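Everything below concerns the one structure shown next.
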Amino acid sequence: MPDTGYTIAAVLVAAAVTWALRALPFAVLSRLRESATVSYLSRRMPAGVMVILVAYCLRDLPVTETRAGAPLAALAVTTGLHLWRRNALLSILGGTATHVVLAGTLFAR
């Protein structure tokens with residue numbers, strides 16, 4: 001059985017490390033708010049992340065097969081809804097609903 005002092009020390013060290021790791025982003029963030037680089041990345045990253053996500057999701061899509069119709073239609077609906085309404089939630093829900101309906105009916109195996 002471990003010594004009580006050792007157990008208390010281990011718990012205190014774990015608590016201190018956990019607290020420091022949770023506080024560190026807030027301490028660093030205050031200095032980065034005025035950074036030109038962070039400002040640039042906050043404007044450009046959402047679109048970049050979405051392009052990477054779309055490329056990753058569609059990378060193995062066999063566009064010559066009929067089952068590719070559901071994801072491609074969902075992508076078109078998502079893009080169209082976002083360009084029309086500029087509402088991320090509506091775009092995601094519309095694209096997801098389109099994919100689920102088409103994959104479950106027209107393009108089901």
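The values are calculated or read from the model by the stated rules, or taken from the named source; none is laboratory data. This one's a predicted model, so the numbers in the text were calculated from it and none came from an experiment. Methodologically, a virtual Cβ is constructed for each residue, glycine included, from the backbone with ideal geometry; neighbour enumeration extends over all protein chains shown. Just the protein is used for accessible areas: all its heavy atoms, side chains included, with ligands, DNA and RNA removed. Shrake-Rupley method; radii C 1.70, N 1.55, O 1.52, S 1.80 Å.
Observations on the model:
- Angle between the chain longest axis and helix 69-85 axis [Cα atoms, degrees, rounded to 10]: 70
- Crossing angle, helix 4-32 versus the chain [Cα axis fit, 0-90 degrees, rounded to tens]: 50
- Accessible surface computed residue by residue for the chain, with neighbouring protein chains in place and a 1.4 Å probe, gives 82 Å² per residue.
- Annotation: peptides 96-104, 83-91, ranked by per-residue average of other Cβ atoms within 10 Å with the highest first, follow the order 96-104, 83-91.
- Gaussian network model of the chain, Cα within-10 Å springs - most flexible of Leu29, Leu81, Leu12: Leu12
- FRET efficiency, 1/(1 + (r/R0)^6) with R0 35 Å, evaluated for Val101 and Val63 via beta carbons: 0.95
- Exposure of Glu65 as accessible area (Å², to 10), given a probe of 1.4 Å and all protein chains: 90
- Using a probe of 1.4 Å on the protein chains alone, the accessible area found for Phe26 is around 150 Å².
- At R0 = 35 Å, FRET efficiency that the Cβ-Cβ distance of Tyr6 and Phe26 yields, to 0.05: 0.65
- For semi-axes √(5λ) of the Cα gyration tensor in Å, calculated from these coordinates, the label among (1) 32, 19, 11; (2) 45, 24, 12; (3) 33, 27, 15: (2)
- Ratio Rg/Rh [Cα only; Rh per Kirkwood] for segment 43-93: 1.01
- Helical mean residue ellipticity (222 nm; -39500 (n - 2.57) per DSSP H run of 4+; nearest 500) of the chain: -27500 deg cm²/dmol
- Taking the accessible area of the chain, probe 1.4 Å, and keeping the other protein chains in place, the carbon and sulfur fraction comes to 70%.
- Largest to smallest accessible area among Tyr56, Tyr40 [probe 1.4 Å]: Tyr56, Tyr40
- Computed E for Ala76/Ser39 - FRET, C-beta separation, R0 41 angstrom, nearest 0.05: 0.80
- Among Val17, Val49, Val77: highest mean-square fluctuation, GNM of the chain, C-alpha pairs under 10 Å: Val17
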